[in-house]
Amino acid sequence: MKKPRLHWFTAILFYLSLLAIWQTVCASGQVPPYLFPSPRQVFERIMELAHDDMLWPAFHSTMGRMLVGFALSLFLGLVAGLCMGISPLANACFRSLLLGLQTLPSAAWMPIALLLFGLSDGGIYFVIVMSSVGGIATSVADGIANIPPIYLRAARTLGTPGYAMGWKVILPAALPSIATGVKLGWTLGWHGAVSAELIKSSVGLGFLLYMGRELNDASQVVAVMILTILIGLALDRLVFGSMEQWIRRRWGLVETR
Amino acid sequence: METEQAAQVREQQDRKPKLVIRQASKTFLSGKKEMHALLPVSLEIAEGEFWILTGPSGCGKSTLLNMVAGFIEPDGGEILLDGKRVSGPDSERMMMFQEHALFPWLTVLDNVLFGLEWKPSLSAKERVETARFYLDMTGMTRFENAMPHELSGGMKQRVALARALAPNPSVILMDEPFASLDALTRERLYEHTQAVVSKTKKTVIFVTHNVREAACLGDRVAVFTARPGKIKSEIAVPLPRPRSFYDPEVSRYAGKILDELKSELEKESV
């Protein structure tokens, strides 16, 4: 197994050279540091933010909002996707609607969220749900539509009553695609949460980003952007990515040997 | 007097066939034309008999099997199991497919337990005991905690057989279950199938293209005509069991079945 290690090595090298180029450009003095901060400035700003106890509350509140909004979105997306996967009628009605809603950027949901929910966290939950529910629902629906019919036939000849088909057969058979949908939904929801916080909130990663711009503090802007990327990436890889991988391996969809 | 009568009644019931297919037919629309998938077919299958359905491709033998399973509703005629008209799939009439159709998200044991879950009369302990009993019968006990994708093709079909047997169906319907396996595995599975069927005394309907397989496994063989299909002839194979795939008597019967089939295959190629 030489390949994965080589990939890691190459990736680390890639990021190190990226940092080196960034540092060189800043050190050359061609760009003003208040517009384009150096990696060192950014790193120092992250440490300052952490020291001033700004990071943890921001992370905490963004994650808290994500948990509520994403749970809501997951529930709605699973129900809608299940209905669409089972009933062609529901699919015909909802699919175009969800695809249409998905063309709206997350931030475009903010004005209506402000009108509907004022300055409460409800508006942020609303944006998270609207950003991610379509992706989850369509993945679930596609997953169900693509279940090999043989599983359904086998379940029926084994005497599975109609009421148990959803829970015992359709859901597990579609679980690999559902996991992909959940992963996608988390990413879309994360976009929504941070975008919403940019516009209205007094705490959170999006708010820190906004504050950086208000204070003309480019290093804070870049620092928070990098943190947002890292947190999103870590959750995607560690939580949702490994969940998806585990399911795919258990279902026999990837070669294990 | 009364006991004699009762004995007579019982004898009549005994003689009553397990499964009756009466003038069952199926048509489908091809463009605007109505095509016959299956002309009216009648069969009487006694309890414990191993029936083979064979014939050219598209003769409707699989259609008939799917009608018995309840996946397809016949357009005409009826199918009776123990005198009751069948409708819809049920574990009384258990289908085994060409692909193993094991659920990839369940272990071998949980796959076999799946059909037992819908039997409310069994306790959890009895279910596991039943599942293990049939896994033992098909020689798969050692693999009860394996996932289906970890098994070879032949092992998967053995698990599928255990899963089909576990809910104690009246009739087992097999749709070319060994067709996608290699020859060696297939021959081992003929032994397994014969052993299991004679032990459980199940009624079986088995669809195949393979005349040797038909002669090796079947008590009776129904040969279908080319499309539109109907039953051309019924051949009894009164050989003792267990039969070897290479038994010369099996070959002789295979030849007989092939002769019946040949004229139909020629018709098909015209």
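Condition first: assigned to a loop (DSSP other than H, G, I, E, B), under 16 Å from B:Ala164 (Cα atoms) and in contact (Cβ under 8 Å) with a residue 40 or more places away in the chain. Now tell me which residues in the range B:60-78 satisfy that.
Listed by number, the list is empty, since nothing qualifies.
Yes/no per residue for (1) within 14 Å of chain A (Cβ to nearest Cβ); (2) under 12 Å from the mean Cα position of the chain (by Cα):
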residue: B:Pro167; (1), (2): yes, no
residue: B:Ser170; (1), (2): yes, yes
residue: B:Leu173; (1), (2): yes, yes
residue: B:Arg186; (1), (2): no, no
residue: B:Lys201; (1), (2): no, no
residue: B:Val207; (1), (2): no, yes
residue: B:Gly218; (1), (2): no, yes
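Show me the helices (runs of 4 or more DSSP H) entirely contained within the range A:189-257 in which 3 or more residues are within 14 Å of another protein chain (Cβ to nearest Cβ) and within 30 Å of B:Glu150 (Cβ to Cβ).
Those helices (runs of 4 or more DSSP H) span A:242-250.
Mind listing whichever residues of the range A:158-188 are under 30 Å from B:Met94 (Cβ atoms), in contact with an Asp or Glu (Cβ under 9 Å, 6 or more places away or on another chain) and not in a loop (DSSP other than H, G, I, E, B)?
If we filter the range A:158-188 for residues that are under 30 Å from B:Met94 (Cβ atoms), which is where we start, we get A:158-178.
Subsequent filtering for residues that are in contact with an Asp or Glu (Cβ under 9 Å, 6 or more places away or on another chain) retains A:158-160, A:164, A:168, A:174, A:176-177.
A:Ala164, A:Lys168, A:Ala174, A:Pro176, A:Ser177 - these are the residues of the range A:158-188 that are under 30 Å from B:Met94 (Cβ atoms), in contact with an Asp or Glu (Cβ under 9 Å, 6 or more places away or on another chain) and not in a loop (DSSP other than H, G, I, E, B).
Residues of the range A:206-257 being over 23 Å from the mean Cα position of the chain (by Cα) and of a type in the set (Phe, Trp, Tyr), which ones?
Within the range A:206-257, just A:Trp251 meets the criteria.
Does A:Ile86 qualify as being within 30 Å of B:Pro177 (Cβ to Cβ), crowded, with 16+ Cβ neighbours inside 10 Å, away from every other protein chain (no Cβ under 14 Å) and modelled with pLDDT of 90 or more?
Working: within 30 Å of B:Pro177 (Cβ to Cβ): yes; crowded, with 16+ Cβ neighbours inside 10 Å: yes; away from every other protein chain (no Cβ under 14 Å): yes; modelled with pLDDT of 90 or more: no.
For A:Ile86, the condition - within 30 Å of B:Pro177 (Cβ to Cβ), crowded, with 16+ Cβ neighbours inside 10 Å, away from every other protein chain (no Cβ under 14 Å) and modelled with pLDDT of 90 or more - is not met.
Taking the options B:Lys267, B:Lys256, B:Lys262, name whichever one is more than 24 Å from B:Ala37 (Cβ to Cβ), part of a helix (DSSP H, G or I) and of a type outside the set (Asp, Glu). Explain how you work it out, then say what you get.
Values: B:Lys267 fails: more than 24 Å from B:Ala37 (Cβ to Cβ); B:Lys262 fails: more than 24 Å from B:Ala37 (Cβ to Cβ).
Just one listed residue meets the conditions, B:Lys256.
Within the range B:234-248, can you find the residues that are within 21 Å of B:Gly60 (Cα to Cα) and crowded, with 18+ Cβ neighbours inside 10 Å?
Result: B:Ile235, single match.
Return only the number of the condition from (1) more than 8 Å from chain A (Cβ to nearest Cβ); (2) surrounded by fewer than 17 Cβ atoms within 10 Å (Cβ to Cβ); (3) modelled with pLDDT of 90 or more that B:Glu150 does not satisfy.
Every condition holds for B:Glu150 apart from (1).
With the condition being closer than 18 Å to A:Gly204 by Cβ, I'd like the helices (runs of 4 or more DSSP H) fully within the range A:67-155 carrying at least 1 qualifying residues. Let's see the steps before the verdict.
Numbers: elements: A:88-102, A:110-117, A:122-145.
Correct list: A:110-117, A:122-145.
Considering the range A:52-66 alone, what residues qualify as being of a type in the set (A, V, I, L, M, F, W, C) and assigned to a helix (DSSP H, G or I)? Before you say what the answer is, go through the steps one by one.
Going residue by residue through the range A:52-66, those that are of a type in the set (A, V, I, L, M, F, W, C) are A:54-56, A:58-59, A:63, A:66.
Correct list: A:Leu55, A:Trp56, A:Ala58, A:Phe59, A:Met63, A:Met66.
Checking the structure you have, find out if any residue of the range B:101-109 is away from chain A (no Cβ under 12 Å), at pLDDT 95 or above and not in a strand (DSSP E or B).
Of the residues in the range B:101-109, the ones away from chain A (no Cβ under 12 Å) are B:108-109.
When the remaining residues are screened for being at pLDDT 95 or above, the result is B:108-109.
Then drop every residue that is not not in a strand (DSSP E or B), which leaves B:108-109.
Looking through the range B:101-109, at least one residue is away from chain A (no Cβ under 12 Å), at pLDDT 95 or above and not in a strand (DSSP E or B).
Mind checking which residues of the range B:80-97 are within 15 Å of the chain's Cα centre (by Cα) and either away from every other protein chain (no Cβ under 11 Å) or of a type in the set (A, V, I, L, M) (or both)? Break it down into steps so the answer makes sense when it comes.
Our first condition is that a residue be within 15 Å of the chain's Cα centre (by Cα); within the range B:80-97, this holds for B:81, B:89-97.
Answer for the range B:80-97, where residues must be within 15 Å of the chain's Cα centre (by Cα) and either away from every other protein chain (no Cβ under 11 Å) or of a type in the set (A, V, I, L, M) (or both): B:Leu81, B:Met94, B:Met95, B:Met96.
Looking at B:Ile72 and the list (1) more than 14 Å from chain A (Cβ to nearest Cβ); (2) over 27 Å from B:Leu135 (Cα atoms); (3) out of contact with any Cys (no Cβ under 9 Å at 6 or more places or on another chain); (4) among the aliphatic types (A, V, I, L, M), which single condition is not satisfied?
(1)
All but one of (1) surrounded by fewer than 20 Cβ atoms within 10 Å (Cβ to Cβ); (2) under 18 Å from B:Ala215 (Cα atoms); (3) modelled with pLDDT under 90 hold for B:Gly58; which doesn't?
Just one mismatch for B:Gly58, condition (2).
Do we have B:Leu135 as crowded, with 18+ Cβ neighbours inside 10 Å, outside the structural domain of B:Lys202 (by TED's automatic domain parsing) and touching a helix residue (DSSP H, G or I) at 6+ places or on another chain (Cβ under 6 Å) here? Walk me through how you get there before you give the answer.
Working: crowded, with 18+ Cβ neighbours inside 10 Å: yes; outside the structural domain of B:Lys202 (by TED's automatic domain parsing): yes; touching a helix residue (DSSP H, G or I) at 6+ places or on another chain (Cβ under 6 Å): yes.
Yes; evaluated as a whole, the condition is true for this residue.
Without any contact (Cβ under 8 Å) to a residue 40 or more places away in the chain and under 30 Å from A:Arg249 (Cβ atoms): does that describe A:Leu209?
Numbers: without any contact (Cβ under 8 Å) to a residue 40 or more places away in the chain: yes; under 30 Å from A:Arg249 (Cβ atoms): no.
Spelling it out, it is not the case that A:Leu209 is without any contact (Cβ under 8 Å) to a residue 40 or more places away in the chain and under 30 Å from A:Arg249 (Cβ atoms).
Could we say that A:Leu205 is buried (at least 18 other Cβ atoms within 10 Å of the Cβ) and either modelled with pLDDT under 90 or aliphatic (A, V, I, L, M) (or both) here? If you could, list the steps in order and put the result at the bottom.
On the way: buried (at least 18 other Cβ atoms within 10 Å of the Cβ): yes; either modelled with pLDDT under 90 or aliphatic (A, V, I, L, M) (or both): yes.
So A:Leu205 fits the description; yes.
Given the criteria in contact with an Asp or Glu (Cβ under 9 Å, 6 or more places away or on another chain) and either within 12 Å of chain A (Cβ to nearest Cβ) or in contact (Cβ under 8 Å) with a residue 12 or more places away in the chain (or both), does B:Val128 qualify? Write out each step before concluding.
Values: in contact with an Asp or Glu (Cβ under 9 Å, 6 or more places away or on another chain): no; either within 12 Å of chain A (Cβ to nearest Cβ) or in contact (Cβ under 8 Å) with a residue 12 or more places away in the chain (or both): yes.
Taking the combined requirement at face value, the residue does not satisfy it.
Report, ordered by the first and then the second residue, all pairs with beta carbons closer than 8 Å, sequence separation of six or more or different chains, a first member in the range A:150-169 that is facing chain B (nearest Cβ under 8 Å), and a second member that is part of a helix (DSSP H, G or I) and among the β-branched types (Val, Ile, Thr).
If the second residue must be part of a helix (DSSP H, G or I) and among the β-branched types (Val, Ile, Thr), the pairs left are A:Tyr151/A:Val169; A:Ala155/A:Val169; A:Thr160/A:Val169.
Every residue, every condition in (1) in the same structural domain as B:Val86 (by TED's automatic domain parsing); (2) within 25 Å of B:Pro104 (Cβ to Cβ); (3) crowded, with 18+ Cβ neighbours inside 10 Å, yes or no:
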position: B:Leu173; (1), (2), (3): yes, yes, yes
position: B:Ser198; (1), (2), (3): yes, no, no
position: B:Ala214; (1), (2), (3): yes, no, yes
position: B:Lys232; (1), (2), (3): yes, no, no
position: B:Val250; (1), (2), (3): yes, no, yes
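Residue under question is A:Thr62, and the condition is that it be at pLDDT below 95 and touching a Phe, Trp or Tyr at 6+ places or on another chain (Cβ under 9 Å); does it hold?
Yes: the conditions hold for A:Thr62.
Considering the range B:105-124 alone, what residues qualify as being of a type outside the set (D, E, K, R), in contact with a Lys or Arg (Cβ under 8 Å, 6 or more places away or on another chain) and in contact (Cβ under 8 Å) with a residue 12 or more places away in the chain?
First, the residues of the range B:105-124 that are of a type outside the set (D, E, K, R): B:105-109, B:111-116, B:118, B:120-124.
Filter once more, so that each one left must be in contact with a Lys or Arg (Cβ under 8 Å, 6 or more places away or on another chain): B:105, B:109, B:111-116.
Within the range B:105-124, B:Leu109, B:Asn111, B:Val112, B:Leu113, B:Phe114, B:Gly115, B:Leu116 qualify.
The values are calculated or read from the model by the stated rules, or taken from the named source; none is laboratory data. Computed from a prediction, not measured in an experiment: that's the story for all the values here. For neighbour counting, all protein chains shown are included, and Cβ atoms are generated from backbone atoms with ideal geometry for every residue, glycine included.
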